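Have a look at the structure below before the remarks.
The values are calculated or read from the model by the stated rules, or taken from the named source; none is laboratory data. None of the values given here were measured: they were computed from a predicted structure. No Cβ is skipped: glycine too gets one built from the backbone with ideal geometry, and neighbour counts run over all protein chains shown.
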Amino acid sequence: MSAISSRPLIAILGSTGVGKSKLAVELAHSLSRKLLNGVEPWSGAEVINADSMQVYRGLDIITNKISEDEKQGVPHHLIGFKDVGEQYVVHEWIRDAVPLIERAHREHRVPLVVGGTTYWIQHLLFPDRLATSGTETTTVAPSDALVKALKSLQPEQTRLFDSLPNIVPESAAALELHGLLTALDPVTAARWHWKDVRKVLRSLGVIKEHNRLASELFEAQSMQQLTPRYRTLLFWLNASPDTLHPRLDERIAQMVKNGLLDEIQTMRKAADHLSGPVDYTQGIFQAIGYKEFSDYLDDPQRTPHLFDEAMESMRASTRKYAQRQIKWITNKLLPVLPLAGQDAAMVVLDASDLDSWDAEVKERAQSALQCPFLQGAAIGPDASSASMAHYLSAARPARTPIETLAAMRKTTCQLCTKDPLEPVMFDEAQWDKHRSTRQHKRALRRQQNEKRLQMYRRSKTDGSDPVVTHYAGSSEDENADDGVLHGDGDGKSAAIG
Ligand SMILES: [Zn+2]
């Protein structure tokens with residue numbers, strides 16, 4: 001185990017409005033006031049924000065930022081330092097968070113990573129080994145499989161691989177790039193539609209950077225244990241929907257009282273100075289409330305009816321967001337945690353009843369911290385709470401990367417492909433659905449009619465009975481029986497050329 005990965009990290013995650021920031025400050029105080037036994041040499045904690053909206057400057061209400069009072073002197077990092085219109089994505093956050101975590105370790109303070117963007121936390125813990133940096137130079141010798149694949153390339157494919165475009169090229173080059181990936185690494189190519197140029201290019205970039213087929217890298221990963229970047233104790237703060245939803249509604253009402261609409265107006269003014277229309281899926285403009293109140297604020301009358309609609313829409317969006325956050329934890333994070341073995345454990349804390357917060361949340365979290373985890377001992381499943389077992393058994397088992405590849409296999413329908421430069425491609429799992437589409441049935445009938453015509457012509461020349469004429473009447477019937485239509489070769493072919 002490396003020196004870095006033996007250092008501890010505490011992560012507090014969960015849906016919006018569940019009390020993550022409050023627990024973080026409470027734990028930081030427990031650590032700094034040495035209220036807990038056996039936590040030496042650690043003294044105090046620092047909070048590193050993992051909420052993608054709270055990185056924006058100002059806009060404290062719409063992003064539900066913790067106030068200076070609520071921080072109670074605990075240092076908080078990566079909050080409020082980006083401007084409206086700026087983007088800030090997972091790789092940038094990790095680049096900024098890692099030095100802060102390492103500095104906290106050096107100064108004997110426990111890093112507390114706190115926020116609702118679980119995606120960020122997961123990538124911090126389990127770095128994506130397939131990520132291309134674009135700048136690294138390859139030092140490993142190419143694998144045998146890659147050498148063999150490179151030899152099989154056509155000269156123009158070799159030229160294309162040697163000078164991969166840096167930007168996404170015109171659509172004409174898309175099929176050539178997919179063809180190149182198919183020639184090099186058919187397993188990986190089968191995963192992408194030829195129109196997924198960005199992803200095809202990325203796979204080719206991965207091959208080039210690692211000197212391995214992308215499928216070889218996947219296979220290697222499938223067999224590996226996941227080693228988290230730090231020994232991590234995760235607290236999942238959870239509340240039942242019937243207790244959380246009224247709290248979220250109440251918070252929205254409070255946000256409006258505190259001046260939410262003024263903040264949205266400020267954002268709208270800032271948006272006017274940006275080039276192009278506002279993209280609600282980018283940066284701060286994803287903050288719930290901005291889009292929901294746009295109709296109301298656009299309307300010169302600003303009627304109470306429009307206001308009520310905006311409020312209802314904001315309540316609905318907030319609930320949906322909370323559901324998505326929980327889904328990420330149960331579907332994406334929980335399945336991989338067991339692969340981390342003794343280096344990660346999760347404790348689920350029930351924050352449903354705010355009246356029993358101290359007993360159910362604060363004290364349970366404090367006692368979990370007194371396990372030998374902070375002294376450098378392995379943690380692992382034993383540290384996880386009993387309720388965790390329930391969630392783990394309900395979670396989908398982790399798919400290996402190879403299983404993921406298989407599940408994403410694409411296939412080409414030769415029947416529906418009219419132009420070989422524009423193959424009709426879709427997920428293999430969609431084959432049955434595709435077969436019942438009007439487009440495919442029509443293509444199948446066209447092919448069958450041609451076959452009958454050929455048979456008929458042949459029968460004319462060799463004098464045998466022209467059987468095919470019996471079918472002629474049904475050929476234009478849209479609702480012709482499936483059994484007749486799909487009795488033989490129905491056009492399916494593997495995406496691998
Ligand atoms: Zn088809």
Consider segment 136-179. How many of its residues are within 27 Å of the chain's Cα centre (by Cα), of a type outside the set (Asp, Glu) and closer than 15 Å to Arg202 by Cβ?
9
Helices (runs of 4 or more DSSP H) within segment 1-118 that include 2 or more residues closer than 25 Å to Ala271 by Cβ
90-106
Quickly run through segment 298-341 and pick out the residues that are in contact with a Lys or Arg (Cβ under 9 Å, 6 or more places away or on another chain), touching a residue at least 60 places away in the same chain (Cβ under 8 Å) and polar (S, T, N, Q).
Thr318, Thr330, Asn331
Given the conditions (1) under 17 Å from Glu86 (Cβ atoms); (2) among the aliphatic types (A, V, I, L, M); (3) out of contact with any Ser or Thr (no Cβ under 7 Å at 6 or more places or on another chain); (4) buried (at least 17 other Cβ atoms within 10 Å of the Cβ), every one holds for Ala287 apart from (3)
Evaluate the following for Lys20: is it of a type outside the set (Val, Ile, Thr), at pLDDT 95 or above and surrounded by 19 or more Cβ atoms within 10 Å (Cβ to Cβ)?
yes
Based on what the data block shows, is Ser393 within 13 Å of the ligand (Cβ to nearest atom), at pLDDT below 70 and surrounded by fewer than 17 Cβ atoms within 10 Å (Cβ to Cβ)?
no
Any hit, segment 219-231, residues being modelled with pLDDT of 90 or more, of a type in the set (Lys, Arg), outside any loop (DSSP other than H, G, I, E, B) and in the same structural domain as Trp328 (by TED's automatic domain parsing):
no
